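**Student:** Here it is, the structure in full.
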Amino acid sequence: MRKLTIVIAMALGCVLIWGTTPQAQSAKLADWLTDGGDVERTAWQRNETILSTTSVKNMKLLWKTRLDNEPRQMHNLLPALIASNVKTASGLKQIVLAPGVSDNLYALDAETGEQIWKLHFDSNWTPPATGGRGGGVLCPGGITATPVIGPGKAAGEYIVYAASWDGRLRRVDLATGKEIVQPAKFMPPNGKPYALNLYKNAIYVHTAQGCGGNPNMVYIYDLVAEKVGAWGPAGGGMWGRTGGAISSKGVMYTGTGDGPWNPENGIYGNGIIGVAQDPGTRAATLMDYYGPTNAEWLFKRDLDMQVSCAIFKYKGKELMVDAGKEGLMYLMDTESIGGDDHRTPLYRTPLYCNEEVNFASAGVWGSLATWEDAKGTRWVLSPFWGPKHSKFKAPIEHGAVKKGAIVAFKVEDKAGKYWLTPMWISRDMDRAEPPVIAGGVIFAYGSGEDTDQARYDIGLAYNRAEYRIKGSTKAVLYALDAQTGKELWNSGDQIASWNHWGGLSVANGRVYISTFDGYQYCFGIAAGEATQSAAKGAK
């Protein structure tokens, strides 16, 4: 029977590493239902019971599954989502949802990597032969927004919310892969939305880069009223990797780029905006905004504020951090993110990267992360590309940084003043991507992507998929001690390809990463070792 199971798994494109016997589905398991782990985009898995600084040395490749999604430009698979204890016809399952850019959703068994179902979205829209901004690395078309999973009508039932290429909102039963209602108009087709967020029966999303000739907008779909509210920063593209972060008051915050800063005339490029749903009209309304004092210079140098914010509680306040290509971080109070003049945050760090003012292969990209340790210390993490700034120092540094790293700060305060104190800088990573936190361990990876957008010989013509794919190498996953940044484990050469605009997901002793060649990887702790780790953690 075991030999037969192996043959079936390989036939389905799944390479299963034995020793991963199913976890008891009756136990309380963790979920990862949205990009960034929660509506605040903290990237912190609070409910992890298996992964820890002592158990992570036992991490292995548990399985990898090849999916038949067709890549578009440099995109293939988006970050995975994980739902535990899903009611299916064959019993309770832990399901991994893997979105594919070519209008595909895949459901995989988290224990084995076997494909449970695939859904390819139909379309009511035909791409035009000419007109609009389309094609190219920046505008691949297809699904570009990580879906979000919400609760169904009963325990064990889940609904997947996704935005298909034609701009419609799709609602899918996670157990079966069947659409449960007719698709609804959400936004114009052929745009470039980023990760969806679900808050109090409304789906929030923002778009960027004018793809399809569409304006850059925030869209809020009310699931009860079936109405869409929209608001735009008048040119500023919003392209934080994990989408908008939502505060306890229902305000979605995101950085902007691709435009000048002129709020007096309704133009909010290269800043941070907060948008909320009007409870009466369901319209999307600007609630707050912040513009760095050097916003015009940032615009001229193409140093977008294009990073997803992270929101957290700290000593009775709700704070937020954000960053951008310039290479520094902003600490803000969600009560007024820029103060009375909209130009004054609580604190700005020194520059920690991008000393050469590079618009493409340096600075902070993607999203930030934050967590609180057992002593109540609040930490903030930032990935960055390229070398560390020569004047930036941390008490703990793990060697020279040439291609990228993770930097950790502590949030501190005194007499009503708040600041971020540098604590450690990780080892060098080939284009360090946004980290996630679980069990006192930071998981991060170097994507191996060729991020150059220009070369000395051909200039901006280099920013084409055929050049950058050839220049990309392999991704490597790392586990770091969250207190010190010390490397505890890495995946070595087990990941055969690289990824673009991907991300990590973590739940129940497993970390998920996908690559450009169509593989969904699952690294984790095998069942016997996981049981021992959980038992030790419970003592």
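**Student:** Which of the residues belonging to the stretch 218-231 are crowded, with 23+ Cβ neighbours inside 10 Å and either of a type outside the set (Ser, Thr, Tyr) or in contact with a His (Cβ under 9 Å, 6 or more places away or on another chain) (or both)?
**Tutor:** Here is the first cut: in the stretch 218-231, the ones crowded, with 23+ Cβ neighbours inside 10 Å are 218-221.
Listed by number, the residues that qualify are Val218, Tyr219, Ile220.
**Student:** Looking at the stretch 159-175, which of the residues that are touching a residue at least 60 places away in the same chain (Cβ under 8 Å) and farther than 20 Å from Gly210 by Cβ is nearest to the chain's Cα centre (by Cα)?
**Tutor:** Looking at the filtered set, the residue picked out is Ala162.
**Student:** OK, next. If I go through the stretch 405-422 residue by residue, how many of them are out of contact with any Ser or Thr (no Cβ under 9 Å at 6 or more places or on another chain) and in a strand (DSSP E or B)?
**Tutor:** Counting residues in the stretch 405-422 that are out of contact with any Ser or Thr (no Cβ under 9 Å at 6 or more places or on another chain) and in a strand (DSSP E or B) gives 5.
Conditions tested, residue by residue: (1) crowded, with 23+ Cβ neighbours inside 10 Å; (2) free of Cβ contacts under 8 Å to residues at least 12 places away in the same chain; (3) of a type in the set (A, V, I, L, M, F, W, C).
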residue: Lys317; (1), (2), (3): no, no, no
residue: Arg343; (1), (2), (3): no, no, no
residue: Cys353; (1), (2), (3): yes, no, yes
residue: Ala360; (1), (2), (3): no, no, yes
residue: Ala369; (1), (2), (3): yes, no, yes
residue: Trp385; (1), (2), (3): yes, no, yes
residue: His389; (1), (2), (3): no, no, no
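**Student:** When you go through (1) at pLDDT 95 or above; (2) polar (S, T, N, Q); (3) over 26 Å from Asp333 (Cβ atoms) one by one for Ser247, which number turns out not to apply?
**Tutor:** Going through the list (1) at pLDDT 95 or above; (2) polar (S, T, N, Q); (3) over 26 Å from Asp333 (Cβ atoms), Ser247 breaks only (3).
**Student:** Additional query: Could you please give the count of residues in the stretch 335-357 that are touching a Phe, Trp or Tyr at 6+ places or on another chain (Cβ under 6 Å), of a type outside the set (Gly, Ala, Ser) and farther than 17 Å from Lys393 by Cα?
**Tutor:** Here the count works out to 5.
**Student:** Give the stretch 253-286 a look and list any residue that's surrounded by fewer than 20 Cβ atoms within 10 Å (Cβ to Cβ) and closer than 18 Å to Val228 by Cβ, or say none.
**Tutor:** Selection gives Asp278, Pro279, Gly280, Thr281, Arg282, Ala283, Thr285, Leu286.
**Student:** Further question: What residue, of Lys414, Lys325, is within 24 Å of Gly503 (Cα to Cα) and charged (D, E, K, R)?
**Tutor:** Lys325
**Student:** Let me ask another. So Val160 clears everything in (1) of a type in the set (Val, Ile, Thr); (2) modelled with pLDDT of 95 or more; (3) part of a loop (DSSP other than H, G, I, E, B) except one condition, right? Which one?
**Tutor:** Condition (3) is where Val160 drops out.
The values are calculated or read from the model by the stated rules, or taken from the named source; none is laboratory data. Remember, predicted model here, so these are calculated numbers, not experimental data. Here Cβ is always computed from backbone atoms with ideal geometry, including for glycine, and neighbour counts include all displayed protein chains.
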